[in-house]
1. For E36, only one of the following conditions fails: (1) part of a helix (DSSP H, G or I); (2) more than 16 Å from the chain's Cα centre (by Cα). What is its number?
2. Hey, any hits in region 95-105 for a residue that's of a type in the set (K, R) and open to solvent by less than 60 Å² (accessible area, probe 1.4 Å)?
3. Please determine, by comparing only the residues of region 59-91 that are over 17 Å from R125 (Cβ atoms) and among the polar types (S, T, N, Q), which one is most open to solvent (accessible area, probe 1.4 Å).
4. For F52, which of the numbered conditions (1) open to solvent by less than 70 Å² (accessible area, probe 1.4 Å); (2) at pLDDT 95 or above fails to hold?
5. Is there a residue being out of contact with any helix residue (DSSP H, G or I) (no Cβ under 7 Å at 6 or more places or on another chain), open to solvent by less than 20 Å² (accessible area, probe 1.4 Å), modelled with pLDDT of 95 or more and at negative phi anywhere in region 108-121?
6. I need a count of the residues in region 122-136 that are surrounded by 17 or more Cβ atoms within 10 Å (Cβ to Cβ) and in a helix (DSSP H, G or I).
7. For W160, which of the numbered conditions (1) open to solvent by less than 40 Å² (accessible area, probe 1.4 Å); (2) assigned to a strand (DSSP E or B) fails to hold?
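The values are calculated or read from the model by the stated rules, or taken from the named source; none is laboratory data. Note that this is a predicted model, so its numbers are computed, not measured. Cβ sites come from the backbone with ideal geometry, for glycine too, and all protein chains shown count toward neighbours. Side chains included, ligands, DNA and RNA excluded: accessible areas come from the protein's heavy atoms. Shrake-Rupley method; radii C 1.70, N 1.55, O 1.52, S 1.80 Å.
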Amino acid sequence: MNLSDSSLKIKRRFLPHWELDGSIYFITFNTYQHLELNPSAREIVLNCCLFFDESRHQNDKRYHTFTIVIMPDHVHWLMQPLPKSNGEYWSLSSILHSVKSYSSKQIPKVMNHQGIVWQDERFDRIMRNEKEFLNTWQYIQLNPVKANLAKTPEEYPFFWQETHTG
C-alpha cells in the first residue's frame, strides 16, 4: 500500500479512522452503555446493515458484505464500500450513519428503550492481506459460538455471510 496515495483519508474522533478507496474493512460498533438488543432489535440491525448491500439492492448498492454478525451489544462487519456513480467511494461514516440512524428509530418499536442506542465511535481496520481477511472472517463467524449463543455460526439467526456457488 502506498501511503502517499491521494485516496487515503485519515479522520479522527477519539480513534483514528483510515479510509482507502477500494479497501475491505473490519468494522465493530457497540451499543451505548452495553444496551442489550433483543432478538427483534438484532433482526432490525441485520436488515439495516444488509439493506444497501449489492447482494440485495441492485439500484442503490453502497457496499459489499462478506460476513456480519449482530451480537446482543455490538456488531462485527466485514465489508467493502463500493464506488458511487461519480467514481467516489461511499465513506464508512455515511454508511454507518445510515445504519445507526435508521436502526435507532426502529429499535424502540420492538423493545422497551428510549434514548441513545449506539456509541458514536466505531472501530475499523483496513484488511491488509488475505490471511488477515480470512482470520477476521473466522473471528466474526465464531463470535456467537464463543459467546454461547449458538452451537454453530449458521445456527445463530443474526449471522450472515456471502455464499459462493459453482
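1. In the conditions (1) part of a helix (DSSP H, G or I); (2) more than 16 Å from the chain's Cα centre (by Cα), E36 misses (1) alone.
2. First pass over region 95-105, keeping only residues of a type in the set (K, R): 100, 105.
Next, from what is left, pick out any that are open to solvent by less than 60 Å² (accessible area, probe 1.4 Å): 100.
Yes, the conditions are met somewhere in region 95-105.
3. Per the stated criteria, the residue is N59.
4. Of (1) open to solvent by less than 70 Å² (accessible area, probe 1.4 Å); (2) at pLDDT 95 or above, only one is false for F52: (2).
5. Within region 108-121, the subset out of contact with any helix residue (DSSP H, G or I) (no Cβ under 7 Å at 6 or more places or on another chain) is 108-109, 112, 115, 120-121.
Narrowing further to those that are open to solvent by less than 20 Å² (accessible area, probe 1.4 Å): none.
So far as region 108-121 goes, no, none of its residues is out of contact with any helix residue (DSSP H, G or I) (no Cβ under 7 Å at 6 or more places or on another chain), open to solvent by less than 20 Å² (accessible area, probe 1.4 Å), modelled with pLDDT of 95 or more and at negative phi.
6. Applying the first criterion (surrounded by 17 or more Cβ atoms within 10 Å (Cβ to Cβ)) to region 122-136 yields 122, 124, 127, 136.
Those left that are additionally in a helix (DSSP H, G or I): 136.
Selection size over region 122-136: 1.
7. W160 satisfies all of (1) open to solvent by less than 40 Å² (accessible area, probe 1.4 Å); (2) assigned to a strand (DSSP E or B) except (1).
For every residue, the table says whether it meets (1) of a type outside the set (D, E, K, R); (2) more than 14 Å from M79 (Cα to Cα).
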site: S93; (1), (2): yes, no
site: V99; (1), (2): yes, no
site: Y102; (1), (2): yes, yes
site: Q106; (1), (2): yes, yes
site: E121; (1), (2): no, yes
site: I126; (1), (2): yes, no
site: K131; (1), (2): no, yes
site: P144; (1), (2): yes, yes
site: E155; (1), (2): no, yes
